[in-house]
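The values are calculated or read from the model by the stated rules, or taken from the named source; none is laboratory data. Keep in mind it's a predicted model, so treat the numbers as computed, not measured. Positions of Cβ are generated from backbone atoms using ideal geometry, with glycine treated the same way; all protein chains shown enter the neighbour counts. The accessibility values were calculated without ligands, DNA or RNA, using every heavy atom of the protein model including side chains. Shrake-Rupley method; radii C 1.70, N 1.55, O 1.52, S 1.80 Å.
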Number of protein chains: 2
Amino acid sequence: MMNIISHTATVPISALFQTLGVAPRLEILLAIGAGEACVCHLEAALGYRQAFISQHLMALREANLLETRREGRFVYYRLADRRILDVLAQAGALLGQAVAVQFSPVAACECPNCATTKVARLCPDPLIGEQERVA
Amino acid sequence: MMNIISHTATVPISALFQTLGVAPRLEILLAIGAGEACVCHLEAALGYRQAFISQHLMALREANLLETRREGRFVYYRLADRRILDVLAQAGALLGQAVAVQFSPVAACECPNCATTKVARLCPDPLIGEQERVA
DNA sequence: AGATTATATTCATCATGATGAATAGATTAT
DNA sequence: ATAATCTATTCATCATGATGAATATAATCT
């Protein structure tokens, strides 16, 4: 008997969830947010090793969640589809947990993206005003 | 430096995704949908072994996604929060995949829930008209 | 009480995948 | 060309958890 809730229909969705089932990957997605981030930026912002970040970026890319753009030595990652943020927000809401999405320049990162916006660091708490979105 | 995107904030969300990263569990959640289902129903509807179903039900329960109600020999499972269906729907939408939620009586299931609605089986394809929700 | 049915749990196995370490590749600067 | 920097990949290890098999518990029925 055929069922609309087929196994094959749920497999790709479960695969997506499986990819999202690793905390550092969520941190990466949220750190990228609506913007763009290079590996070195994520490294500085999240405090993980370079290879560690790269490995998870690869996993997210293979899940078609990220796209890349190379600019010189830097590789910039951005969300392939921002609706992934809605998925995260909804999951967070279910747990009564707000999910903050943001891109914030990091002092330790020397990439052009951070360099141009680095003035913001002069503020006492630069993160406060920059929160783009809470769901 | 403190970051709004903290590791501890993403851990519970990733744990939720990890729980959802198994296809049969999604099948179970969708089979329950807005209704209620006993193990024997899921067994018949999805075609898995009893212990298999039970094990995944336990995982979903430990993730606080399901609640139970006992009625005689039968234990009925229902969603603890229907917003989980929105999470599934959004994930499905991201993949261009419609997610159908439904509870349909199954001939092979003798539980009261199925017995009372079993008349519907007389239709050539009882599943068609019963699709409750597509997102 | 014993039998039957529905569900839960335990245990062992096995595959998967996350992580760390080391290294390779790619690009720019000197 | 060499060095320096940024990123990717490979390899080995290890822990986790999904599954199957078997059994235990719970409730009802005769």
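Structural remarks
- Helices (runs of 4 or more DSSP H) wholly inside the stretch A:16-103 that include at least 1 residues being aromatic (Phe, Trp, Tyr) and over 28 Å from B:Arg83 (Cβ atoms): A:50-62
- The residues of the stretch A:7-17 that are more than 7 Å from every other protein chain (Cβ to nearest Cβ) and within 13 Å of DNA strand D (Cβ to nearest atom) amount to a single one, A:Ala15.
Per-residue answers, yes or no, for (1) among the aromatic types (Phe, Trp, Tyr); (2) more than 10 Å from DNA strand D (Cβ to nearest atom):
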| site | (1), (2) |
| --- | --- |
| B:Gln50 | no, no |
| B:Ser54 | no, no |
| B:Arg61 | no, yes |
| B:Leu65 | no, yes |
| B:Arg69 | no, yes |
| B:Arg73 | no, no |
| B:Tyr76 | yes, yes |
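- Test result for A:Ala135, modelled with pLDDT under 95, closer than 30 Å to B:Val22 by Cβ and of a type in the set (A, V, I, L, M): yes
- Scanning the stretch A:18-48 for residues that are within 10 Å of DNA strand D (Cβ to nearest atom) and more than 14 Å from chain B (Cβ to nearest Cβ) turns up A:Cys38, A:Val39, A:Cys40.
- The residue that is surrounded by the fewest Cβ atoms within 10 Å (Cβ to Cβ), counting only those in the stretch A:60-98 that are more than 16 Å from DNA strand C (Cβ to nearest atom) and over 14 Å from A:Leu26 (Cα atoms), is A:Gly96.
- Among the residues of the stretch A:34-59, those identified as surrounded by fewer than 23 Cβ atoms within 10 Å (Cβ to Cβ) and within 10 Å of A:Tyr77 (Cα to Cα) are A:Gly35, A:Glu36, A:Val39, A:Leu57.
- For A:Gln18, the requirement of being surrounded by fewer than 15 Cβ atoms within 10 Å (Cβ to Cβ), of a type outside the set (A, V, I, L, M, F, W, C) and under 19 Å from B:Gly21 (Cβ atoms) is not met.
- Pairs, first among the acidic types (Asp, Glu) in the stretch A:67-78, second more than 6 Å from DNA strand D (Cβ to nearest atom) and open to solvent by less than 80 Å² (accessible area, probe 1.4 Å), C-beta under 7 Å, six or more apart: A:Glu67/A:Arg78; A:Glu67/A:Ala80
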